[in-house]
Amino acid sequence: MDLQEISLQLQAGKVKMVKTLVQEAIDAGIPAAQILEEGLLAGMSVIGEKFKNNEIFVPEVLIAARAMNTGATLLKPLLASEGVQSIGKVCIGTVQGDLHDIGKNLVKMMLEGKGIEVIDLGTDVSPETFVQTAKDEGCQIICCSALLTTTMGVMADVVKAAEEAGIRDQVKIMIGGAPITEAFCRQIGADAYTSDAASAADCAAAFLQ
């Protein structure tokens, strides 16, 4: 069975087809990790690149991600029994005072598309919650999103909170959102700024290697 077909159907956003093909691959005895890697993640990787190059836009990404999640749901129990580890763990959220989540959700999907486990804290997340979650769950990366210039400053508080909690040397802090810049990232002492969801996922994967 050709796993590339799963990748192609995912890129086309064909949710039902992806579900059917993933089930067929499972029934054919193909290891879940291989179906994930060569089918779902391969497809999501192409979507990420196209999104980065402005060849496709948010709606297409959301549809492809839905197809990926449908396939991944079938694979999850099998991956667990095969003992497949995710490449790392990330907590993500929109900072306190900010309720925008489209950008955050896109980053979450792209991260999952790289085989990273993501804990989604939602919106309006306090610095303490980011840091406590990273401590409790053993996250290697904290991802903070902000869309308002008025909430950007909270990202500096997240960096400070990580320092105060004594985990700053154990976690990378990534930031993003419309008003954020590389200069702001350096100024607050965060580890990385990326301008789009696909780049964020690439950066996180590089940190976790």
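The values are calculated or read from the model by the stated rules, or taken from the named source; none is laboratory data. Note that the structure is predicted; figures quoted are calculated from it, not measured. Cβ sites come from the backbone with ideal geometry, for glycine too, and all protein chains shown count toward neighbours. The accessibility values were calculated without ligands, DNA or RNA, using every heavy atom of the protein model including side chains. Shrake-Rupley method; radii C 1.70, N 1.55, O 1.52, S 1.80 Å.
Looking at segment 35-51 only, could you name the residues that are open to solvent by 70 Å² or more (accessible area, probe 1.4 Å) and more than 15 Å from Ala12 (Cβ to Cβ)?
Glu37, Glu38, Glu49
Quick test of your reading of the structure: Ala201 fulfils all but one of (1) modelled with pLDDT of 95 or more; (2) in a helix (DSSP H, G or I). Name the failing condition by number.
(1)
Being open to solvent by less than 60 Å² (accessible area, probe 1.4 Å) and in a helix (DSSP H, G or I) is the filter here; which residues of segment 90-105 pass it?
Across segment 90-105, the qualifying residues are Gly103, Lys104, Asn105.
Looking at Glu112, Glu128, can you tell me which residue is among the charged types (D, E, K, R) and closer than 30 Å to Pro31 by Cα?
Glu112
How about segment 92-123: which of its residues are over 19 Å from Leu79 (Cβ atoms) and acidic (Asp, Glu)?
Asp98, Asp101, Asp120
How about segment 1-50: which of its residues are of a type in the set (Val, Ile, Thr) and either out of contact with any Leu (no Cβ under 9 Å at 6 or more places or on another chain) or closer than 13 Å to Met68 by Cα (or both)?
Ile6, Val15, Val18, Thr20, Val22, Ile35, Val46, Ile47
Table: residues versus (1) of a type in the set (Val, Ile, Thr); (2) on the phi < 0 side of the Ramachandran plot.
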position: Gly48; (1), (2): no, yes
position: Asn53; (1), (2): no, yes
position: Leu75; (1), (2): no, yes
position: Ser81; (1), (2): no, yes
position: Gln85; (1), (2): no, yes
position: Ile116; (1), (2): yes, yes
position: Asp124; (1), (2): no, no
position: Ala134; (1), (2): no, yes
position: Ile141; (1), (2): yes, yes
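Looking only at residues that are crowded, with 22+ Cβ neighbours inside 10 Å and hydrophobic (A, V, I, L, M, F, W, C) in segment 163-177, which one is nearest to Gln140 (Cα to Cα)?
Among residues in segment 163-177 that are crowded, with 22+ Cβ neighbours inside 10 Å and hydrophobic (A, V, I, L, M, F, W, C), the one nearest to Gln140 (Cα to Cα) is Val171.
Considering each residue of segment 178-197, count those that are crowded, with 16+ Cβ neighbours inside 10 Å and either of a type in the set (A, V, I, L, M) or at pLDDT 95 or above (or both), and give that number.
Count: 10.
For (1) out of contact with any Pro (no Cβ under 7 Å at 6 or more places or on another chain); (2) open to solvent by less than 10 Å² (accessible area, probe 1.4 Å); (3) part of a loop (DSSP other than H, G, I, E, B), each residue gets a yes or a no:
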{"residue": "Leu111", "(1), (2), (3)": "yes, yes, no"}
{"residue": "Gly115", "(1), (2), (3)": "yes, no, yes"}
{"residue": "Val118", "(1), (2), (3)": "yes, no, no"}
{"residue": "Phe130", "(1), (2), (3)": "yes, yes, no"}
{"residue": "Met155", "(1), (2), (3)": "yes, yes, no"}
{"residue": "Val158", "(1), (2), (3)": "no, yes, no"}
{"residue": "Ala161", "(1), (2), (3)": "no, no, no"}
